[in-house]
1. Pairs please, first residue from the range 255-267 and charged (D, E, K, R), second anywhere and open to solvent by 70 Å² or more (accessible area, probe 1.4 Å), Cβ atoms under 7 Å, 6+ apart in sequence or on different chains.
2. Any idea which of (1) of a type in the set (Gly, Ala, Ser); (2) touching a Leu at 6+ places or on another chain (Cβ under 8 Å); (3) open to solvent by less than 30 Å² (accessible area, probe 1.4 Å); (4) farther than 21 Å from CYS226 by Cα is the one GLY96 doesn't satisfy?
3. Which ones in the range 72-81 are open to solvent by 20 Å² or more (accessible area, probe 1.4 Å) and in contact (Cβ under 8 Å) with a residue 24 or more places away in the chain?
4. Can you confirm whether the range 139-156 contains a residue that is closer than 19 Å to GLY225 by Cα and either at pLDDT 95 or above or crowded, with 16+ Cβ neighbours inside 10 Å (or both)?
5. For the range 96-149, name all the residues that are among the β-branched types (Val, Ile, Thr) and either free of Cβ contacts under 8 Å to residues at least 24 places away in the same chain or farther than 27 Å from PRO354 by Cβ (or both).
6. Taking strands (runs of 3 or more DSSP E) that fall entirely within the range 247-354, which contain at least 3 residues that are under 24 Å from ALA67 (Cβ atoms) and aliphatic (A, V, I, L, M)?
7. Residues in the range 211-224: is at least one touching a Cys at 6+ places or on another chain (Cβ under 7 Å), open to solvent by less than 20 Å² (accessible area, probe 1.4 Å) and part of a strand (DSSP E or B)?
8. Considering every residue within the range 100-112, establish whether at least one is more than 22 Å from the chain's Cα centre (by Cα), polar (S, T, N, Q), part of a strand (DSSP E or B) and surrounded by fewer than 21 Cβ atoms within 10 Å (Cβ to Cβ).
Amino acid sequence: MRKILTGITLLTSLLACVRKPEPPESIPQPHYAGIFILNEGQWTLSNASLDVLSPTGPETYTYYEDAFRAVNQKPLGDVANHWLRSGDTLWIVMNGSRLLRCLILPTLREAYIVSFPSSASPREFLLLSPTKAYVNSLLDGYVYRLNPLSGQLTPPHIPIEKYAESMVYLNGRIWVSCGNYAYPARNNKIACILPEKDSVEYYITLPRENPGPLLVLPNGELLVGCRGNYADQKGMLVHVNPDEGTITHSVPLQTSVYRLQRYGSEVYMLTDSGISRYDWQSQQVEYSFITHRHLGIQPHELIYGFYYDSLLQSWLVANAKAGGTRGEVLFYKSGNVYHRQRVGVFPARLIRYP
């Protein structure tokens, strides 16, 4: 979650809201395929949702709103923070509900639920093997171990510095960013976990506070997106040599950075200016790759996620608008938005299945 910007919009929405929105009506389908959209929803309102766009032609789609609710006859829950697909299995991390949901594709039927302790605040799911996975937790200083086949937690869990954000597997180790949360609490480290010992081996201190997204670069380095403090300290990109645990490059940014994504050898970032492109070899940043102006949306609207669809050869950009209202996904190609799809509240992540 983009804490400061999101927090402002969430507070505005909560003050203006007199009751929870009525759940949308949707007819369950025997199977789902196409573009899956995870809508984060608003904190405490349990209005996260999973939508599906199924193509019916070159540029036409059937929209299945809140497909998880339609299939499982219950809401997805409170704040859908992360997901991961492996084959025909989809795991969704519910931060506010303190749940991990395991869904079977293409039906979206729920296979099991993992419930975390009341102190937990699950952030991301990382699959290590068919029988081992990690879920890090923002607030209580643990990385939880579980069996992804059975959905059973397998203590003892791994103590870690607060506040755990992102996780990646690289060179036989798990890397976890430990960032800021509630001011004045701050952190500027990434943790290195040995999975065979289920323990933190060491921490790397970064030159900028509030590390968030992590990404493995084509040359094997770890790229860390430090978000700064959202006030007088902007973001920074930090290159880490994972074999030596050393910093090789630090690239100050003009904005904060909220998400990192790699498509082939190209690296893209979600920043305050929209979608930026990063040349990881020259350490140059193109801030104006896709901006509000390119998309024809207002400067105050919140670009909240993006996905490049190689089949459509198009960028799918999630616009949360002012927050607290239904967002939209914009289909962008060759300098033009050629399709707009209304979706759920705070659309954040997109994938294609199968």
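1. GLU266/ARG277
2. (2)
3. ASN72, PRO75
4. Among the residues of the range 139-156, not one is closer than 19 Å to GLY225 by Cα and either at pLDDT 95 or above or crowded, with 16+ Cβ neighbours inside 10 Å (or both), which makes the answer no.
5. Within the range 96-149, ILE104, THR131, VAL143 qualify.
6. In the range 247-354, 314-319, 347-353 are the strands (runs of 3 or more DSSP E) which contain 3 or more residues that are under 24 Å from ALA67 (Cβ atoms) and aliphatic (A, V, I, L, M).
7. Checked against the condition, which is being touching a Cys at 6+ places or on another chain (Cβ under 7 Å), open to solvent by less than 20 Å² (accessible area, probe 1.4 Å) and part of a strand (DSSP E or B), the range 211-224 yields at least one hit.
8. No, every residue in the range 100-112 fails to be more than 22 Å from the chain's Cα centre (by Cα), polar (S, T, N, Q), part of a strand (DSSP E or B) and surrounded by fewer than 21 Cβ atoms within 10 Å (Cβ to Cβ).
The values are calculated or read from the model by the stated rules, or taken from the named source; none is laboratory data. What you see is a predicted model, and the numbers here were worked out from it, not measured in a lab. Cβ sites come from the backbone with ideal geometry, for glycine too, and all protein chains shown count toward neighbours. Heads up: the accessible areas ignore ligands, DNA and RNA and are worked out on the full protein's heavy atoms, side chains in. Shrake-Rupley method; radii C 1.70, N 1.55, O 1.52, S 1.80 Å.
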